[in-house]
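Everything on this sheet refers to the single structure shown next.
Derivation of every value follows stated rules applied to the coordinates shown; laboratory data play no part. Quick caveat, the model's predicted, so the values are computed rather than measured. Reconstructed Cβ throughout: ideal geometry from the backbone, glycine too, with neighbour counts over all protein chains shown.
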């Protein structure tokens, strides 16, 4: 058996970022940039007023002075001329400051009377003027490559005059559930069978991670049926299978895909829930085989599938983020398998996170997993811990998982 | 001027959850349930084996005993009969335990020889058997109403046999940018004009919050043009405007929409960046007018628009979540306006979050906002704080903002 970390490292080594595609800026939110976004203009493009008021020469703006208003410059309508001594131009937030002017008399500090305006406060040179290029200059990198675009980045790319953004194509992830005993929701359930939850839970996980899931029909437990799925995954960036990867009599996934040339790196991983994980390569398509047990499948999905999609997206593919929490109950010593205890999170008196594991950790209890806020990480051979000890947790609701 | 909290309270009071619609389970991720999801079956449906091995009577399973293997029960193919004394049935993970059997001899503890199997370990009654209903029983609420569905919830709804989910319709949020000086990215820029960043930044914010943005064409600074947008917002759940809401000569948004019957609750909010916020009602459609300044628009979006969308989605509409951080630089005393300082977040030696405000907080600097990790919250009249003091911050990247 190998460690979680070694398995993740070997999986990630098989993935490269997907090629770039162009999307409209309106579709760029939450996509990962494939190239830096360079400003196509300078912002502000010229010196502009930061306030409503009057543009004038600083030397003229002494307390009590009266100036002649020679025109107006609403935003988007620059004044056609310059400001001479004793003159002022009505100006608004965002208006270009006319040549000659280097100060702003605020509207609330001014008394207007017909064509003249009186300064009730002295002005300060350059104050309330935003200089050209103060936000960014043409050629500046405003959004780096390999960044998942936030709403703010979308605004910045817009301000930098980009109607289109080059992003990594969403990874296409095929999902194959296998088993004679499983039916899709709403379809007839075979005798002794159950409704398949893995296909759609994993599809949601793929979507949450930024991929496009392609859910294949459930494959019966026949080698030929599973082998035939190899024809369905051309052009996919990843094939995820669930079930059929234990060391029992039912390793039909391996047998089926091997018939179609899959090279295999089959592992027992020293982890719980999980253990049997399959990783291989079917032509150009990596194959990640998750356990059939729904809790194990989702936990392995968080640990291995989400980082793989992240790597496909051009992101670093780091392990799931962990944070500290205080144990709400004592923990027994761990055995040789890294454990991932389903736990609730509450807030303590000093607002610290308190993680309390469920007393029963049965990996078949999907409802228990859905009610969990976090996974408590337990390293192999970790010592027993008293209530109040610090542990690291993976917060599950982050990113819709 | 009113406080941020009072403004948010008055805004939220105007919103009710959108009506329900039905979506396929495959589309239900990240949607908010409009009704509880009740289990339509019991899971597991019968007592099933948790391991690969042999089902037998516990009384027979003493160390060294040999049993007659009378059949096999692959998952999905229950054994057609019962298990009598001295008998065993080959069984797999998820297989129904045949009547009569109440114990599992693990595969690794068994030696098979033709039609017989020898127990190399004694069995324990009921061990490795998942009892019917252990995960959930028919009629149990597996996903509550008003919950944003995670990947785990999707799996649970699938296991509970729901092909369709009742969710709140995505709120339709119309976005109207106004101003003669602004152009959309890639279009000709008027003299002294700038490229509009607000429409698409706010659209991304709406999407991140779970709404469907409808971006209206930029409205010129003419009352009649703005009034005409009233015709475009029928059936919308919210109209968001940006620009034109300051107390200057350019309050055309208010004038335009008032001509079409908007009732107005116009506020000066004691906050920075922000201050001028418009809230009103245009027929059945609430109107939220954000400042034209892109930094102010986004900060006001986080504080007021995201909670409003949350309320429309059937969620509580709580203020943005805050968390503690340690100041990386001293702060001057605050004036009467609640401040939201753009700051970077780093990790200190004890892994604590350290928030360091940018030295210049110009609200026109969009790039600065995009580089910020968090907003440091400063209450009105907050005292000066030394480096190392604790503050509360809003983490911006959470939820794609």
Problem set entry | Whole-number percent relative contact order across the stretch B:281-349, with pairs defined as alpha carbons under 8 Å at least 6 apart | 17 percent
Seminar exercise, completed: Here the relative contact order (percent) of chain B, from C-alpha pairs under 8 Å and at least 6 apart, is 16 percent
For this session: With the Cα gyration tensor of the protein assembly as shown in hand, give its eigenvalues times 5 under a square root as the equivalent ellipsoid semi-axes, listed largest first in whole angstrom.
Result: 62, 25, 24
For this session: Project the alpha carbons of chain A onto their principal axes and report the range along each, largest first, in whole Å.
Result: 96, 53, 39
Seminar exercise, completed: Long-range alpha-carbon pairs in the stretch A:267-401, meaning those over 19 Å apart, account in percent for 52 percent
Exercise. Shortest first and in nm to one decimal, what separations exist between residue B:38 and its copies in the other chains, measuring from label points 7 Å along the Cα-to-beta-carbon line?
Worked result: 6.3
Exercise. Under the Kirkwood approximation for Rh and a Cα-based Rg, what ratio Rg/Rh is obtained for the stretch B:27-95?
Worked result: 1.24
Exercise. Which chain B residue hugs the B-A rotation axis most tightly by its Cβ, and what is that distance in angstrom, to the nearest whole number?
Worked result: B:398, 4
Seminar exercise, completed: For the stretch A:152-228, the Kirkwood Rh over every pair of distinct alpha carbons, in Å, works out to 15.3 Å
Exercise. Can you list, shortest first in nanometers, how far residue B:10 lies from the same residue in the other copies, with each label 7 Å from Cα toward Cβ?
Worked result: 6.4
For this session: For the stretch B:163-311, just say rounded, prolate or oblate: build the C-alpha gyration tensor, square-root its eigenvalues into a ≥ b ≥ c, call rounded for a/c under 1.5, and beyond that prolate if a/b exceeds b/c, oblate if not.
Result: rounded
Seminar exercise, completed: Semi-axes in Å, largest first, for the stretch B:48-130 (Cα gyration tensor, √(5λ)) are 16, 13, 12
Problem set entry | Distances in nm from residue B:222 to the matching label points in the other copies, shortest first (labels 7 Å along Cα to Cβ) | 7.1
For this session: Could you please tell me the mean projected area of the C-alpha convex hull for the stretch B:323-400, averaged over all directions and given in square nanometres to one decimal?
Result: 5.2 nm²
Problem set entry | Estimated 222 nm signal from helices in chain B, with DSSP H stretches of n ≥ 4 weighted -39500 (n - 2.57), rounded to 500 | -4500 deg cm²/dmol
Problem set entry | Contact order relative to length of the stretch A:48-130, as percent, for alpha carbon pairs under 8 angstrom and 6 or more apart | 42 percent
Problem set entry | Rounded, prolate or oblate (a/c below 1.5 giving rounded, otherwise prolate when a/b exceeds b/c) for the stretch A:78-218 by Cα gyration tensor | prolate
Exercise. Among A:4-11, B:45-52, what's the highest-first ranking by average C-beta atoms within 10 angstrom per residue?
Worked result: B:45-52, A:4-11
